[in-house]
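Student: My questions all concern the structure below.
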Amino acid sequence: MSTIDIDLVARLADLSRLEFSEAEKKTLQGEIGRILDFISVLEEVNTDGVSPMSSTMSAETTRAREDVVTEEDKRDAYLKIAPASEMGFYVVPRVVE
Amino acid sequence: MDLIKLGLKEAADLLKKREISSVELTKACMDRINSRNERLNAFVTITEDKALEMAQRSDKRLKEGNARLIEGVPLGMKDLFCTEGVLTTACSHILDGFVPPYESTVSANLWKAGGVLVGKTNMDEFAMGSSNETSYYGPVRNPWDESRTCGGSSGGSAAAVADYMCMGATGSDTGGSIRQPSAFAGIVGMKPTYGRCSRYGMVAFASSLDQAGAMCRNVEDTALMLRAMSGFDPMDSTSVDMPIENYDQNLDKLTLKGLRIGLPKEYFIKELDPEVKAIVDAAVARFTKEGAEVVEVSLPHTKYAVPVYYIIAPAEATSNLARYDGMRFGLRIEGENLADTYRKSRSKGFGWEVKRRIMIGNYTLSSGYYDAYYTKAQRVRALIAKDFADAFTQCDVIFTPTTPTPAFKLGEKISDPIQMFLNDVFTTGASLAGLPGISVPAGMVGGMPVGIQILGKPFAEQHLLQVAWAHEKMTAFAALDVKAA
Amino acid sequence: MLRQDYELVVGLEVHAQVSTQSKLFSGSSTAFGAEPNTQTCPIDLGMPGVLPVLNDKVVEAAVRTGLALNAHINKTSVFARKNYFYPDLPKGYQISQYDLPIVEHGRMTVDLEDGSSKEIGITRIHIEEDAGKSVHDIGDEKVSHVDLNRAGVPLMEIVSEPDIRTAEEAGAYVKKLRAILRFLEVCDGNMEQGSMRCDANVSVRKRGETKFGTRTEIKNLNSIRNIVRAIEYEAERQVEAIENGEKIYQETRLWDAGKNITRSMRGKENAHDYRYFPDPDLLPLRLKEDDIEAWKKTLPELPDQLKDRFMRDYSLNNYDAAVLSGSRESARFFEAALEGGRDPKLVANWIMVELFGALNKSGKDITESPVSPAQLGQLVGLIEKNTISGKIAKTVFEEMLQSSADPEEIVKAKGLVQITDTGAIEKAIDDIMAANADQVADFRSGNERVYGWFVGQVMKATQGKANPAMLNDLLRKKLQG
Ligand SMILES: [Mg+2]
Ligand SMILES: [Zn+2]
């Protein structure tokens, strides 16, 4: 049985920008542990000399487009669906540097 | 004439002959939706005004003799596809109120072919689930038995089509999300080869696996709808630049004599319901009677497909879901500062299943674990793809059950993620290998429909549809009929 | 100056905006200076379901830059996602290249003021998209304003080896790199507009030490002057810290050009875990040998080739040749001024000392020079023909800067033609000697210092126009009697 410690759950939550109650963290600890168990069966597969496959089309080359401007200014339509905007900007909680 | 029971192709033909109008057909579907959706929860957004507007425009074109491929036919659109001006949420709270200012290529293709949008269908949140129980808008109920799931993630589309709410619906399939719900609903559902349908504007779950497809009540309809929605798209770098055949026109052009049907021995496992197995055997027997041959093939890495899938899909999803941050669209819950706003918006916006997958994805991608999980999974994925390539040197198509059991009860598996994952055991392999697959109704077990899955070589959509059509002709299972309610 | 017993080690990461019409993965415009968020589309905004499609011009630019930097071009490179949350990063990841960049293992020679040259390794060049911009100083102080016009603008990140040992070398490296990018027309090199940005990885170590010290990364270096100053400051700071027994932390520091210091970016999260993985929305970028060959043929004459030619054909020294080949405009100016067979060394000197000096003072670029190459050539021609002296030439040049007039006209109008008529010079000498018998006697009694006084008097009498060599000749003869 894989176990992951509760600090790792907290670190993953931080990387994920998610927050959980202590009880939820406990639940996740169990669920993630069981899932890691389930996927750890891959350890038994011999993959020596096998290249990782990131796409079923990875033998091909990515297509490229011509350098042409095809978009027009639709700022109003995009800002209209933003949670907050003013003066043509997206408004977000202050970014500290 | 019971308009709602018309197939897509049948309806398109009658519309062209002007024996029916798109407005009356659309109204019939709307009536059905309005009377049944409260129970089944197949649609999360019903676009009645827009549908009637589109139907009127179609009637005009029909009248003027400018009818296009599926002019005037009512369709459901999985809520995963962005529809310009129409709420699109992927059934997640985080996309609360999101009305896209752009259209997905698949839906655009369908509108260009004359399709009429009746509404957006329910689904598991961000397509993460196999029972539609992770939807923010609640589960879909199976029209065959409302205590059961209609599968997932395209459960809403499956229920809508099976229950005569529309003539066809789009689905998306990442690990089986078209094929499994189609099997559970007694309809036909096809996932084409990865790259056949554009992914542009389809809310991303796992980019290297996601593929749109068609769900209809018979093979010919599925062929026609797939023809209308697929094709090369310069907006999707992984879309294939290959001509689309007139799938619906060539269905009868296959001789079954000598067709080599591969049966992968690893798929006939102990978890497989014996009655389900009997249904597959019966389907195979229909073909051998017509001169097809059976070849036992081996897909030795079958048992690793689900674990590989549950590494790759969450890893890609973690990254794909990072854009839901409350800054530019969708739900924002203001916090005390930026980090707090991110956390609150995402924690309130995502459901449990999605959050757990984000956590798993971040685990397997993070430094120190990446090679052991992600890279390893990609290597095993290559072996799984090779298994299929090897098998297809010995056979033309592969027959398997679509699911190990008929539709299970709502609530039965939702608390046990592993049990839920195992439902995908027959569908994830082909997804990882990018192969086309179709699920067709093949019989009943305990009053519930059961499907068989037919898998083919890359880009052999036409061939698969011909085999599926031949099966349909040999059975009484075209459009397994839901007891009219 | 850094203490003699310490050595500075610097590696530079330069982000160069590739000159394109549209963004790296979308059809939005990249024009500079637009109203906020008017050059965005769903792809730049990270909206659900939209997908990136690569701009082919950027691939060509990266390959040509790699070739110009004598680098290896990877036939297969892979786009990867660098995952982190930031309000100016719409997708929550930046599409970049990680373990398989498009270019690796290059090198570049920089020329230093003392006439020496130095080779600096180029680790890699990768293609990536820019982020947007957060503005912190408008409106409510609890919020920031985000402009995503820059989000998705194509960049090449050019990473050097830690081969740089002085701040001067760092400045010369960036200058040379900018020149190459401009020669290739792949980047306009405009640092104020942010089309070229530089981060410096700086560490120090005791001389003789083989291990690198702990490095800091300095960001926000928006001019060559600031790069040099920031590195100088940071090196001193680190030496002082080490000497005081303090620890150097691996951290990101910001250059504060107002205060002339680097400061720690506190409040930044601990160690980043970017969770790089290949972007499944983009297939590997595979280049064809034919394309690479075709691009190779489009390479212009580059600064090093120009420099070699200037040294070979015009016998310029290394440093002068390097400066004049440092931009296409200065090279073009130099060669145009040579027309008519002027002395290259004299022309080079006039450009580098007088013209560059004047342009610098007025904050002008060589393309805005009030003096044309032909005019500068004419001026040098007048000196060569002894029409005017070098000293008068400076006066004429001042006038040329003001009026953009031809030097010949100025000389004529102001009567500045040199007196090369021995009779006229002799007469002036005779007059002065006659009027100053005492000084003549003084000289003849052995006081050599009076000689200079006589030169001055004759020049005054001829309004400075006497040919200095002739004057010298005649004066000495006459004084000696
Ligand atoms: Mg960097
Ligand atoms: Zn960078």
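The values are calculated or read from the model by the stated rules, or taken from the named source; none is laboratory data. Keep in mind that what you see is a predicted model, and the values were worked out from it rather than measured. Cβ placement follows ideal geometry from the backbone for every residue including glycine, while neighbour counts extend to all protein chains displayed.
Student: Of the numbered conditions (1) polar (S, T, N, Q); (2) surrounded by fewer than 23 Cβ atoms within 10 Å (Cβ to Cβ); (3) facing another protein chain (nearest Cβ under 9 Å); (4) within 28 Å of the chain's Cα centre (by Cα), B:Thr393 fails exactly one; give the number of that condition.
Tutor: (3)
Student: Quick one: which of C:Gln97, C:Gln39 is within 16 Å of ligand 1 (Cβ to nearest atom), crowded, with 21+ Cβ neighbours inside 10 Å and either within 12 Å of another protein chain (Cβ to nearest Cβ) or not charged (D, E, K, R) (or both)?
Tutor: C:Gln97
Student: Of the numbered conditions (1) within 29 Å of B:Gly349 (Cβ to Cβ); (2) within 12 Å of the chain's Cα centre (by Cα); (3) hydroxyl-bearing (Ser, Thr, Tyr), B:Ser182 fails exactly one; give the number of that condition.
Tutor: (1)
Student: Could I ask something else about it? Among C:Tyr93, C:Tyr98, C:Tyr86, which is more than 22 Å from C:Leu54 (Cβ to Cβ) and of a type in the set (Phe, Trp, Tyr)?
Tutor: One residue alone meets the criteria, C:Tyr86.
Student: Follow-up question, since we're still on this one. Given the criterion part of a loop (DSSP other than H, G, I, E, B), touching a residue at least 12 places away in the same chain (Cβ under 8 Å) and of a type outside the set (Asp, Glu), identify the matching residue among B:Gly262, B:Gly258.
Tutor: B:Gly258
Student: Mind listing whichever residues of segment C:165-211 are within 16 Å of ligand 2 (Cβ to nearest atom) and among the basic types (Lys, Arg)?
Tutor: C:Arg197
Student: Also, I was wondering about something else. Got a number for residues in segment B:272-305 being assigned to a helix (DSSP H, G or I) and at the interface with another protein chain (Cβ under 8 Å from one of its Cβ atoms)?
Tutor: The total comes to 2.
Student: Check C:Pro90, C:Pro52 and return the single one that is out of contact with any helix residue (DSSP H, G or I) (no Cβ under 9 Å at 6 or more places or on another chain) and either at negative phi or modelled with pLDDT under 95 (or both).
Tutor: Testing whether each residue is out of contact with any helix residue (DSSP H, G or I) (no Cβ under 9 Å at 6 or more places or on another chain) and either at negative phi or modelled with pLDDT under 95 (or both) leaves just C:Pro52.
Student: Tell me, yes or no, whether segment C:227-234 has at least one residue that is assigned by TED's automatic domain parsing to the domain that holds C:Gly121, part of a loop (DSSP other than H, G, I, E, B) and out of contact with any helix residue (DSSP H, G or I) (no Cβ under 8 Å at 6 or more places or on another chain).
Tutor: The answer is no; no qualifying residue exists.
Residues checked against (1) outside the structural domain of C:Leu379 (by TED's automatic domain parsing); (2) at pLDDT 95 or above; (3) closer than 23 Å to C:Tyr98 by Cα:
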position	(1), (2), (3)
C:Asp273	yes, no, yes
C:Asp281	yes, yes, yes
C:Leu285	yes, yes, yes
C:Ser315	no, no, no
C:Asn318	no, no, no
C:Ser325	no, no, no
C:Ser330	no, no, no
C:Glu335	no, no, no
C:Glu339	no, no, no
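Student: Scanning segment B:309-336 for residues that are of a type in the set (A, V, I, L, M) and more than 7 Å from every other protein chain (Cβ to nearest Cβ), which turns out farthest from B:Lys348 (Cα to Cα)?
Tutor: The selected residue is B:Ile312.
Student: When you look at B:Arg346, is it within 11 Å of chain C (Cβ to nearest Cβ), in contact with a Leu (Cβ under 7 Å, 6 or more places away or on another chain) and part of a helix (DSSP H, G or I), yes or no?
Tutor: Here the answer is yes, as B:Arg346 does meet what is asked.
Student: Condition (residue is under 30 Å from C:Glu209 (Cα atoms), more than 16 Å from ligand 2 (Cβ to nearest atom) and in the same structural domain as C:Thr166 (by TED's automatic domain parsing)) applied to segment C:10-23: is it met by at least one residue?
Tutor: There is at least one residue in segment C:10-23 that is under 30 Å from C:Glu209 (Cα atoms), more than 16 Å from ligand 2 (Cβ to nearest atom) and in the same structural domain as C:Thr166 (by TED's automatic domain parsing).
Student: Okay, next question. Could you please find all residues in segment C:100-127 being crowded, with 20+ Cβ neighbours inside 10 Å and either away from ligand 2 (no atom under 16 Å from the Cβ) or assigned to a strand (DSSP E or B) (or both)?
Tutor: C:Val103, C:Gly106, C:Met108, C:Val110, C:Asp111, C:Ile120, C:Ile122, C:Arg124, C:Ile125, C:His126, C:Ile127
Student: Report whether or not C:Tyr319 is among the hydroxyl-bearing types (Ser, Thr, Tyr) and in a helix (DSSP H, G or I).
Tutor: For C:Tyr319, the condition - among the hydroxyl-bearing types (Ser, Thr, Tyr) and in a helix (DSSP H, G or I) - is met.
Student: Does segment B:368-387 contain at least one residue that is assigned to a loop (DSSP other than H, G, I, E, B) and within 14 Å of chain A (Cβ to nearest Cβ)?
Tutor: yes
Student: So in segment C:248-261, with the set limited to residues that are within 14 Å of another protein chain (Cβ to nearest Cβ) and in a strand (DSSP E or B), which one is farthest from C:Asp199 (Cα to Cα)?
Tutor: If we take residues in segment C:248-261 being within 14 Å of another protein chain (Cβ to nearest Cβ) and in a strand (DSSP E or B), then C:Asp256 is farthest from C:Asp199 (Cα to Cα).
Student: Among the residues in segment A:26-34, are any closer than 26 Å to B:Gln419 by Cα and either of a type in the set (A, V, I, L, M) or part of a loop (DSSP other than H, G, I, E, B) (or both)?
Tutor: Yes, because at least one residue in segment A:26-34 is closer than 26 Å to B:Gln419 by Cα and either of a type in the set (A, V, I, L, M) or part of a loop (DSSP other than H, G, I, E, B) (or both).
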